[in-house]
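Here's the structure, in structure tokens; my notes come after.
Derivation of every value follows stated rules applied to the coordinates shown; laboratory data play no part. The shown structure was predicted, so the numbers you read here are calculated from the model rather than taken from an experiment. Using ideal geometry, Cβ is built from the backbone for each residue, glycine included, and neighbour counts are taken over all protein chains shown.
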């Protein structure tokens with residue numbers, strides 16, 4: 001079931017438990033309309049950088065452990081894909097039990113496993129997502145929210161993990177230049193398209209300090225502003 | 001989606017079909033079934049490791065050799081030329097078994113007056129499902145591209161796409177390239193084009209954005225060097241959805257099926273996937289099983305880029 005829309009959410013959640021009760025009767029219409037997927041972990045890539053309020057931070061990337069992917073065998077042994085990420089790409093794994101901020105609370109671990117029902121033969125089905133993503137089911141629709149502030153804080157914490165050194169200035173400058181070029185390009189089109197001016201301002205604001213003062217993207221934010 | 005029920009007269013869709021039979025009204029629901037278009041692209045097809053090349057081992061290794069990486073170097077008379085290593089890299093593709101099944105009762109089939117559940121429909125579904133599965137597996141590789149472009153936290157724009165297209169060329173990746181993005185990202189780019197009046201100086205290709213927004217092939221841009229597709233199969237990462245732009249050699253993949261065994265009752269059988277039935281006589285049910293053996297890996301990592309755009 002695809003993500004339908006996002007909306008802003010300003011309140012902390014009631015709790016951090018999102019594992020739902022399993023319906024004992026397979027005929028009962030209790031399956032959550034989310035797709036079955038595989039577990040994942042975040043990886044810190046020293047070349048994947050994003051400016052958050054003008055400050056360069058690592059932007060961790062989520063990699064699922066999917067059998068058939070990058071040599072992963074049927075038993076989903078993560079050794080192969082982990083080896084590719086670490087040895088070939090020079091990425092550093094982000095510990096799955098790391099303490100993070102999500103929806104205004106501190107939680108341990110960033111992977112949530114949601115029970116989405118069983119199949120006819122009783123096989124349990126799961127949907128895995130990160131703690132900053134919150135799904136709310138309304139009938140047969142799923143509304144998805146994302147805690148951008150919590151994820152930005154996670155990016156900062158990842159940068160301080162052991163084994164992750166300082167960001168290389170060449171990498172930071174290259175990313176800055178790339179974003180600035182995109183901002184300039186959109187600004188050039190602004191005369192014909194006012195929308196391009198907004199995009200240019202949003203891109204430039206990433207590099208220049210408080211992004212809250214610039215036109216925001218469609219991503220929802222949670223909690224209070226710093 | 002409801003519980004995973006077999007197709008009986010008392011469960012959906014069987015119960016609904018029986019009512020619909022009075023009006024004979026039937027149609028397909030809204031889903032992304034566009035994967036076949038992407039798989040037919042020559043860039044994607046070039047990464048396929050066929051059965052003949054992949055016969056004797058559980059994993060196929062594809063080797064990339066850096067012929068032409070070194071240049072002639074000045075060397076004084078009487079001095080040996082330098083002997084350089086011939087650099088190479090390799091990727092390993094390991095197929096795994098994938099599939100799913102449906103179950104249908106004799107009772108339901110006997111009341112199927114609209115032929116909604118005829119065997120040909122199951123075969124057609126197997127084709128769609130296999131294509132979408134391959135696209136999904138490839139899309140799951142996009143976060144493993146080292147090069148990152150796009151606009152994390154922001155909407156997709158034509159400017160971002162062109163910037164990444166040019167970056168691919170700078171990385172010595174020969175065209176054409178394939179870009180796979182979400183329908184929503186495509187819609188954002190198309191809205192740019194509408195706002196720009198459908199035409200931008202020096203970029204008449206934005207006219208082509210004013211097309212239907214249904215999933216699938218969107219068109220060929222940049223003078224035939226960039227093929228754009230949309231798909232719902234992309235994966236998310238940190239509030240972004242990861243699109244991918246790649247050229248030949250970026251993704252190696254394989255799919256295979258053996259010849260059916262004497263006990264197999266195939267509805268459809270190909271070297272890539274199969275659809276077969278099995279009878280559960282005690283229940284008067286038939287099980288239709290879809291199966292394949294599928295694997296994909298990053299080949300030349302520098303031949304692809306991940307493009308995160310806000311989900």
>> Restricting to Cα atoms and excluding each atom paired with itself, what does the Kirkwood estimate give for chain B in Å?
In response: 22.4 Å
>> I want to verify the translational diffusion coefficient of the stretch B:1-160 in µm²/s; compute it with Stokes-Einstein, Rh as the Kirkwood radius over Cα pairs, at 37 °C and 0.692 mPa s.
In response: 150 µm²/s
>> Nearest 10 degrees is fine. How inclined is helix B:183-195 to the longest principal axis of chain B, computing both from alpha carbons?
In response: 60 degrees
> Across peptide B:66-77, how many C-beta atoms of other chains are within 10 Å of each residue C-beta, on average?
Replying inline: 0
>> So for each of B:79-86, B:166-173, A:101-108, B:288-295 I average, over its residues, the number of other beta carbons within 10 Å; can you give me the resulting order with the highest mean first?
In response: B:288-295, A:101-108, B:166-173, B:79-86
>> From the mean inverse distance of alpha carbon pairs (Kirkwood) and the Cα radius of gyration, derive Rg over Rh for the stretch B:59-131.
In response: 1.55
> Roughly what would the spin-label model give for residue B:100 and residue B:257, points 7 Å off Cα along C-beta, in nm?
Replying inline: 1.7 nm
> What is the distance, in nm, between label points placed 7 Å from the Cα along the Cα-to-Cβ direction at residue B:170 and at residue A:191?
Replying inline: 2.6 nm
> When the distances between all Cα atoms of the stretch B:74-191 are binned every 5 Å from zero, what whole-number percent does each bin get?
Replying inline: 2, 6, 10, 12, 11, 10, 10, 10, 8, 7, 5, 3, 2, 1, 1, 1, 1, 0, 0
> Averaged across the residues of B:236-244, what count of C-beta atoms belonging to other chains lies within 10 Å of each residue's C-beta?
Replying inline: 6
> Using the reciprocal of the averaged 1/r over all distinct C-alpha pairs, how large is the Kirkwood radius of the stretch A:47-135 in Å?
Replying inline: 15.7 Å
>> Ranking request for peptides B:278-285, A:145-152: highest mean number of other beta-carbon atoms within 10 Å first, then the rest in descending order.
In response: A:145-152, B:278-285
> Over all distinct Cα pairs, what is the inverse of the mean 1/r for the stretch B:223-311, reported as the Kirkwood hydrodynamic radius in Å?
Replying inline: 16.8 Å
> Once the Cα atoms of helix B:119-139 and of chain B are each reduced to a long axis, what angle between those two axes, in degrees from 0 to 90 to the nearest 10, is obtained?
Replying inline: 30 degrees
>> So, R0 is 41 Å and r is the distance between the beta-carbons of residue B:16 and residue A:77; what FRET efficiency does that work out to, to 0.05?
In response: 0.45
> Where does each of B:177-186, B:265-274, B:242-251 land if you order them by average Cβ count within 10 Å, highest first?
Replying inline: B:242-251, B:177-186, B:265-274
> What's the angle, to the nearest 10 degrees (0 to 90), between helix B:158-170's Cα axis and the longest principal axis of chain B?
Replying inline: 60 degrees
> Over chain B, what is the relative contact order in whole percent, taking alpha-carbon pairs under 8 Å and six or more residues apart?
Replying inline: 27 percent
> In peptide A:70-80, how many Cβ atoms from other protein chains are near each Cβ within 10 Å, on average?
Replying inline: 4
